[in-house]
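> Quick one: the structure is below, and I'll ask about it shortly.
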Amino acid sequence: MMEEKILTKHINTLNCHTLDFYLANGGYNSLKKAFEIGSDAIIEEVKKSNLRGRGGAGFPTGMKWSFMPKNPVDAKGNPKPKYLVCNADEGEPGTFKDRLIMSKNPHSLIEGMVIAAKAVGACRGYIYIRGEFFKEARILQSAIDDARKKGFLGKDILGSKMDFELFVYRGAGAYICGEESALLNSLEGKRGEPRLKPPFPAQVGAFGMPTCVNNVETFAVVPYILEHGGPKFASLGTEKSGGTRLFCVSGQVERPGIYELSMRTTLRELIDIAGGVRGGKKLKAVIPGGASAPMLTATEIDIPMCFDAMMKAGTMAGSGGAIVMSEDVCIVEATSILLRFYEHESCGQCSQCREGSHWLARMFVRIEAGKGTHKDLEMIERICSNMAGQTICAFADAVTGPVLSAVRKFRSEFEDHVRQRRCPQKIASRTIDAMEIDRGRAHV
Amino acid sequence: MCNNIKIDGEAVEFVQGDTILQAAERAGKGHLIPRYCYHPGLPIAGTCRMCTVEVEKMPKLMTACSTIATDGMVVNTKSERVLKSRAGVMEFLLTNHPLDCPVCDKAGECELQDNNYRYGPVTSSFLEEKRVYSKAATKKLSPNITLNMNRCVHCERCVRFTEEVVKSCDLMMINRGWHKELTLSDEKLGLTSNYQGCLSDICPVGAHTFNDFRFKKRSWFLEQYPSVCDRCSKGCNISVHSENGVVYRFKPHYNEKVNGHWICDEGRLSYHQVMDATRIVKPLLAHEGSLKSTSWELAGAAVNYLITSASKVKVVIGTDATNEEMKYIQASLPDKFGKKFEFSSYCGYGEDKKLDHMLMMKDKTPNSNGASACKLNHLDGDLVGDCDVAILIRYGRSGVPQVKNCKKIIIIGVWTQKEIGSFGTNVEVVLPGLATTEKSGTYINCDGVSQNFSPAIAHLGEGLAVNSIISFFKK
Amino acid sequence: MALSKHIKDKLDKLRPNFPTLQALVIPALHEVQHETGMVSEDSMRDIAEFLNLPFMKVREVVTFYTMFNKKPVGKVHYQLCGNIGCWLNGSDKLMDHMEKRLKIKHGQTTPDGKYTLSKVECLGACGSGPVLQVNEDYNENLDVEKLDQLMDDVFKKIDAGENNIGRETYNPEVWP
């Protein structure tokens, strides 16, 4: 079966990021159509497409858009502007799809955002891109400039009387800014600390105005949905999760990279498509949806990569980034590396997350070094249960996902570390330096 | 319309817009919900997660401080899940909290201690090294405040206080996550606000301690009685903390109409004047060119002689006297000695005005409005004179007027030796009175709020209330 | 010291893009860092003054985000990703190699001020790990050989006095 490609059809063509190329391949036709059918019909079409947010939570996009207030007014009765924000703060370990879209297919994102702006009535859009993506930000900026010159952005777009300005905003190195309310704080020039919800961004978002936040990939597939119709998009996926998705495969596979596949694809198929485990080694574990998703063992991978099936299997489809680990990998060390990341990225607002992520990180370093005790495993469970679901944002849950799954599914490895007082399976000569965590790895 | 939520099975009324915690506070059930980051005088942060409660029909535990109460909500503050969550928060906070309660000034009034006693784990399972902020273990943020960052539980009350309440923005958090650290925004400037003592009040642990009180007294020895601060015309409500008549500190006492939750440092430290070693607490009589201590009877007789033999007596009452004192003096003196008195009030600070957006007023006396209410006119200029006898009554707060063309001065109230010294040898009698914390009375503050107060401490000298003093004059 | 005219002009140009001045803090910091290689306390003060904000509002942002250098960095800032995707492909060996070649530990700058070596968390390019960010540029799919080649190139460029190593796509006229 030839898979339909939506976003990656032309990525291997030279200059595929240019406006000319995009226009030659039917670009911005969906925008014209959007203006013809109007807001409600756009939202209806997106609802029919079963498009679910590609950022990780998998929230139905059409529904999110319909939550945006129609004619919001402030306390004095003046109309409030509405904003559209694109979350391009890609930083989840194992996920790297948005970078591809922005560098190879930026106009699909821009077109998608203008359509979304039409749908929700936004007057301004911001693309919050992670600070390290210098090149991608520049490609995006010049794509925006090009689009504005041709009248796809700015005042009275294509004679529709709709104004929409789009700006690129660069983050500055904080994973937590991928959380939408932290992103909004960061966009306002503040510390990227998640906000209390309610109020949700649809009521009080960027600069206090109703705001709709979506992932890059979510926006980028919208032109396709309008062009081919919602049902067509829906048919590419499963019953509840429409369309294809950009799956990222990283770690120890032969051909790591991004694969655009149907949401029906199973994890095993995905790994096979990526060439299987490198060097013909056996598979040990997969983190299926970006680092925050609980791990799966080699026997658990025959499930489709859609949101519901993953949920049923006790993990999550998340941002669609599969991290593959072969039999050579020490799970304790791998988890420890993830924890070091979380410890580094916790914003530090909530007690549980601030103290817990560090506690776990230190504990794992100790266990990895062979200084763990049997009691530690129960402690880990307890710390995790005290963290998960207790904080402002989902970061604490993201910490506990991989940790708990590692401890539960690979318990024997932990026990071996305790019993043998060393790492029984060291593929790397270096261990993580405990001092590193103490120093906070604060950048110079 | 009646709005009700149920807290632990009991119906509680709330006002539209209340959070669960506010509704609980309103119903006197605030103690059921422990908290760190929440403070009624500060914006809500919702970050410490200590106040989580179980709300029916909500899958997750909700923070009581930030969840808006809705009619019919059923809240459980004691369920197993809630207790487990609290114990969890306590355990996390204690992992890095030093075990220095024996030398911590906050011990005894520490929210972390109290909550751990109620909800926390008995033992620690934390085997890793504790976080140490070596540079901020005992750091003087200003002459008033010492920071011990190791004790901090990162509730950020102080940051919100400086940012949102006093708007001095001089404290901030740097870094993020576990490495988050409270620091001065600007090391060169230090703390700049006049409300630094409040940092120590709102700090739930011993991170901010008030230098004036640091290492002076264990909090559990202190008796606490309410009073009114007399350091300016605002009349902030305070709680006087004392042991055996010795005041160790003033703390703010909540009054929505006057001072909210705060008091300024000037007021907070004003107890030193009451406790001043040079305050005169015994009746004095001029004898052979100097003031010698005497008995109340002899002093009273001397006053009697002075007034009786005078034909014109000017009485200046400081605007730091209570309404009752002002009225009593105006009524009783003519009653005893006939119409030879001319009464006026004296403030010494000029026209009153606000000094900042918070509480501080230019008029550093508590009862200027009371003086007007008692029909006392302010002394013309700063001079008293052209009379046979001048009676100066003040209680330590109003300015000291100058006396001219009058060789006989009677001093009544709260005075220091230095203040009396300014009159040279013209002082005939000194009759010690009671300071605000030692007496009862009424002040009318700058906004016209009339406030009653009772004695908060016992007077340690021989000073007397004004009616007792006057009773010695003419038997 | 005050902000350069270039930065002020750029911020003035960006100003209408945002409803508040505070939103310009991060763009301003990026510009300052681009110009001077770091964000000094003085420049934080300048930004605060220019944007009419309390100093703390700028400082707390600087300390929250990891991209801002609070200390001077070398002419070339090597940032090697040590997170799981890169680690699974041997980034720790590359780190050892770089530490040996540069004779410094990560987190340090060479005494001649030419190189700074940092270990960073996920750079968002896990599929092509290990990834080394050289100033602004990503260098992907590295192994020891490619790394040596890369470091040799950088060495030559520094010797030749090039100023925009790893910043070739920067265009002063265009934001960002």
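The values are calculated or read from the model by the stated rules, or taken from the named source; none is laboratory data. Because the structure is a prediction, the values reported are computed rather than measured. Cβ placement follows ideal geometry from the backbone for every residue including glycine, while neighbour counts extend to all protein chains displayed. Protein only, heavy atoms only, side chains kept; ligands, DNA and RNA dropped before computing areas. Shrake-Rupley method; radii C 1.70, N 1.55, O 1.52, S 1.80 Å.
> If only one of C:V73, C:V61 is open to solvent by 20 Å² or more (accessible area, probe 1.4 Å) and among the hydrophobic types (A, V, I, L, M, F, W, C), which one is it? Give the steps one after another, and end with the answer.
Numbers: C:V61 fails: open to solvent by 20 Å² or more (accessible area, probe 1.4 Å).
Result of the check over C:V73, C:V61: C:V73.
> Scan B:G448, B:G424, B:G396 and give me the residue that is on the phi > 0 side of the Ramachandran plot and buried (at least 20 other Cβ atoms within 10 Å of the Cβ).
Values: B:G448 fails: buried (at least 20 other Cβ atoms within 10 Å of the Cβ); B:G424 fails: buried (at least 20 other Cβ atoms within 10 Å of the Cβ).
Unique residue meeting the criteria: B:G396.
> So which of A:K48, A:K97 is of a type outside the set (S, T, N, Q) and open to solvent by 10 Å² or more (accessible area, probe 1.4 Å)?
Numbers: A:K97 fails: open to solvent by 10 Å² or more (accessible area, probe 1.4 Å).
It is A:K48.
> Checking the conditions here, which among B:V247, B:V205 is open to solvent by less than 20 Å² (accessible area, probe 1.4 Å), away from chain C (no Cβ under 14 Å) and assigned to a loop (DSSP other than H, G, I, E, B)?
On the way: B:V247 fails: assigned to a loop (DSSP other than H, G, I, E, B).
B:V205 is the lone residue from the list that is open to solvent by less than 20 Å² (accessible area, probe 1.4 Å), away from chain C (no Cβ under 14 Å) and assigned to a loop (DSSP other than H, G, I, E, B).
> Under the condition of being at the interface with another protein chain (Cβ under 9 Å from one of its Cβ atoms) and among the small types (G, A, S), which residue from the range A:182-221 is most open to solvent (accessible area, probe 1.4 Å)?
My answer is A:G208.
> Another question, then. Which residue, of A:Q390, A:Q352, is under 25 Å from the mean Cα position of the chain (by Cα) and modelled with pLDDT of 95 or more?
A:Q352
> Applying the selection to the range C:43-58, what residues are outside any helix (DSSP H, G or I) and open to solvent by less than 10 Å² (accessible area, probe 1.4 Å)?
Looking only at the range C:43-58, we keep the residues that are outside any helix (DSSP H, G or I), and these are C:51-54.
Passing the criteria: only C:L51.
> Taking the range B:95-106, which residues are open to solvent by less than 60 Å² (accessible area, probe 1.4 Å) and over 27 Å from B:K84 (Cβ atoms)? Give the steps one after another, and end with the answer.
Residues of the range B:95-106 open to solvent by less than 60 Å² (accessible area, probe 1.4 Å): B:95-98, B:100-101, B:104-106.
The answer is B:D100, B:C104, B:D105.
A quick yes/no check of all residues on (1) open to solvent by less than 10 Å² (accessible area, probe 1.4 Å); (2) more than 11 Å from chain B (Cβ to nearest Cβ):
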residue	(1), (2)
A:A334	yes, yes
A:L338	yes, yes
A:G348	yes, no
A:E355	yes, no
A:W359	yes, no
A:V365	no, no
A:G372	yes, no
A:L377	yes, yes
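> Got a number for residues in the range B:58-88 being among the polar types (S, T, N, Q) and assigned to a strand (DSSP E or B)? Give the steps one after another, and end with the answer.
Let us first name the residues in the range B:58-88 that are among the polar types (S, T, N, Q), namely B:63, B:66-67, B:70, B:76-77, B:79, B:85.
The next check asks that each one be assigned to a strand (DSSP E or B); those that pass are B:63, B:76.
Counting residues in the range B:58-88 that are among the polar types (S, T, N, Q) and assigned to a strand (DSSP E or B) gives 2.
> Could you list, ordered by first residue, the pairs with Cβ atoms under 9 Å in which the first is in the range A:156-168 and surrounded by fewer than 16 Cβ atoms within 10 Å (Cβ to Cβ) and the second is assigned to a strand (DSSP E or B), at least 6 apart or interchain?
Correct list of pairs: A:D163/A:R124; A:D163/A:G154.
Each row is one residue, and each column tells you yes or no for (1) farther than 30 Å from A:M316 by Cβ; (2) in contact with a Lys or Arg (Cβ under 8 Å, 6 or more places away or on another chain); (3) surrounded by 14 or more Cβ atoms within 10 Å (Cβ to Cβ).
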| residue | (1), (2), (3) |
| --- | --- |
| A:T13 | yes, no, no |
| A:K33 | yes, no, yes |
| A:S66 | no, yes, yes |
| A:E90 | no, yes, yes |
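> When only residues in the range B:138-156 that are open to solvent by 10 Å² or more (accessible area, probe 1.4 Å) and assigned to a helix (DSSP H, G or I) count, which is farthest from B:G41 (Cα to Cα)?
Ranking the candidates gives B:N150 first.
> Residue by residue through the range C:101-127, note down the ones that are part of a helix (DSSP H, G or I), more than 7 Å from every other protein chain (Cβ to nearest Cβ) and open to solvent by less than 40 Å² (accessible area, probe 1.4 Å).
Initially, the range C:101-127 is screened for residues part of a helix (DSSP H, G or I), giving C:101-102, C:126-127.
Now restrict to residues that are more than 7 Å from every other protein chain (Cβ to nearest Cβ): C:101-102.
Within the range C:101-127, just C:L102 meets the criteria.
> Name every residue in the range C:129-139 that is more than 7 Å from chain A (Cβ to nearest Cβ), surrounded by fewer than 24 Cβ atoms within 10 Å (Cβ to Cβ) and either of a type outside the set (F, W, Y) or touching a residue at least 40 places away in the same chain (Cβ under 8 Å) (or both), in order of residue number. Explain how you work it out, then say what you get.
In the first step, residues of the range C:129-139 are kept if they are more than 7 Å from chain A (Cβ to nearest Cβ); the result is C:130-132, C:134-135, C:137-139.
The next check asks that each one be surrounded by fewer than 24 Cβ atoms within 10 Å (Cβ to Cβ); those that pass are C:134-135, C:137-139.
Listed by number, the residues that qualify are C:V134, C:N135, C:D137, C:N139.
> For C:K146, all conditions in the list (1) within 30 Å of A:G320 (Cα to Cα); (2) in contact (Cβ under 8 Å) with a residue 24 or more places away in the chain; (3) away from every other protein chain (no Cβ under 12 Å); (4) of a type outside the set (A, V, I, L, M) hold save one; what is the number of the exception?
Only one criterion is unmet by C:K146, namely (2).
> Looking only at residues that are in a helix (DSSP H, G or I) and loosely packed, with under 14 Cβ neighbours inside 10 Å in the range C:1-14, which one is nearest to the other protein chains (Cβ to nearest Cβ)?
Initially, the range C:1-14 is screened for residues in a helix (DSSP H, G or I), giving C:5-14.
Filter once more, keeping what is loosely packed, with under 14 Cβ neighbours inside 10 Å: C:5-6, C:9, C:12-13.
Details: C:K5: 22, C:H6: 17, C:D9: 17, C:D12: 15, C:K13: 12 Å.
Taking the candidates together, the pick is C:K13.
> Now for a separate question. How about the range A:122-170: which of its residues are charged (D, E, K, R) and on the phi > 0 side of the Ramachandran plot? Spell out how you get there, then give the answer.
First, the residues of the range A:122-170 that are charged (D, E, K, R): A:124, A:130, A:132, A:135-136, A:138, A:145-146, A:148-150, A:155-156, A:161, A:163, A:165, A:170.
Hits for the range A:122-170 are A:D156, A:K161.
> May I ask you to verify whether B:A301 is within 30 Å of B:T209 (Cα to Cα), surrounded by fewer than 22 Cβ atoms within 10 Å (Cβ to Cβ) and small (G, A, S)? Give the steps one after another, and end with the answer.
On the way: within 30 Å of B:T209 (Cα to Cα): no; surrounded by fewer than 22 Cβ atoms within 10 Å (Cβ to Cβ): yes; small (G, A, S): yes.
No: the conditions fail for B:A301.
Okay, residues lined up against (1) more than 8 Å from chain A (Cβ to nearest Cβ); (2) at pLDDT 95 or above; (3) under 14 Å from the mean Cα position of the chain (by Cα):
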position: C:L24; (1), (2), (3): no, yes, no
position: C:L29; (1), (2), (3): no, yes, yes
position: C:G37; (1), (2), (3): yes, no, yes
position: C:D46; (1), (2), (3): yes, yes, no
position: C:R59; (1), (2), (3): yes, yes, no
position: C:V62; (1), (2), (3): yes, yes, yes
position: C:K70; (1), (2), (3): no, no, yes
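> Looking only at the range C:72-100, filter to residues that are of a type in the set (A, V, I, L, M) and within 7 Å of another protein chain (Cβ to nearest Cβ); which one of those is nearest to C:E145 (Cα to Cα)? Can you show your working first?
First pass over the range C:72-100, keeping only residues of a type in the set (A, V, I, L, M): C:73, C:76, C:80, C:84, C:88, C:94-95, C:98.
Narrowing further to those that are within 7 Å of another protein chain (Cβ to nearest Cβ): C:73, C:84, C:88.
Values: C:V73: 25, C:I84: 21, C:L88: 18 Å.
The extreme case among them is C:L88.
> List the strands (runs of 3 or more DSSP E) that sit entirely inside the range A:151-259 and contain at least 1 residues that are of a type in the set (S, T, N, Q) and more than 20 Å from C:L14 (Cβ to Cβ).
Strands (runs of 3 or more DSSP E) meeting the threshold: A:211-215, A:244-251.
> Output the number of residues of the range B:359-393 satisfying the condition of being acidic (D, E) and at positive phi.
Filtering the range B:359-393 down to residues acidic (D, E) leaves B:363, B:380, B:382, B:386, B:388.
Right, trim to at positive phi and you get B:386.
Of the residues in the range B:359-393, 1 are acidic (D, E) and at positive phi.
> Also, I was wondering about something else. So which of A:I176, A:I129 ends up being surrounded by 24 or more Cβ atoms within 10 Å (Cβ to Cβ), free of Cβ contacts under 8 Å to residues at least 60 places away in the same chain and either within 12 Å of chain C (Cβ to nearest Cβ) or in contact with a Ser or Thr (Cβ under 6 Å, 6 or more places away or on another chain) (or both)?
Working: A:I176 fails: free of Cβ contacts under 8 Å to residues at least 60 places away in the same chain.
On inspection, the qualifying residue turns out to be A:I129.
> Kindly establish whether B:H31 is away from chain A (no Cβ under 13 Å), under 24 Å from B:P252 (Cβ atoms) and part of a loop (DSSP other than H, G, I, E, B). Outline the logic, then answer.
Numbers: away from chain A (no Cβ under 13 Å): yes; under 24 Å from B:P252 (Cβ atoms): yes; part of a loop (DSSP other than H, G, I, E, B): no.
No.
> Let me ask another. Mind checking which residues of the range B:421-448 are closer than 26 Å to B:G235 by Cα and β-branched (V, I, T)? So that I can check it myself, show each step before the final result.
From the range B:421-448, those closer than 26 Å to B:G235 by Cα are B:431-448; that's our starting set.
Residues satisfying the conditions are B:T436, B:T437, B:T442, B:I444.
> Keeping to the range C:46-81, report how many residues are of a type in the set (V, I, T) and within 21 Å of A:S346 (Cβ to Cβ). Lay out the reasoning, then the answer.
Just the residues of the range C:46-81 that are of a type in the set (V, I, T), to begin with: C:47, C:58, C:61-63, C:66, C:73, C:76.
Narrowing the set further to residues that are within 21 Å of A:S346 (Cβ to Cβ) leaves C:61-63, C:66.
Counting residues in the range C:46-81 that are of a type in the set (V, I, T) and within 21 Å of A:S346 (Cβ to Cβ) gives 4.
> Tell me, which residue of the range A:100-111 that is buried (at least 24 other Cβ atoms within 10 Å of the Cβ) and either of a type in the set (S, T, Y) or farther than 28 Å from A:P256 by Cα (or both) is nearest to the chain's Cα centre (by Cα)?
Residue satisfying both the conditions and the ranking: A:S108.
> If you don't mind, another one. So is B:L42 at pLDDT below 95 and surrounded by fewer than 22 Cβ atoms within 10 Å (Cβ to Cβ) or not? Break it down stepwise before answering.
Values: at pLDDT below 95: no; surrounded by fewer than 22 Cβ atoms within 10 Å (Cβ to Cβ): yes.
Against the criterion (at pLDDT below 95 and surrounded by fewer than 22 Cβ atoms within 10 Å (Cβ to Cβ)), B:L42 does not qualify.
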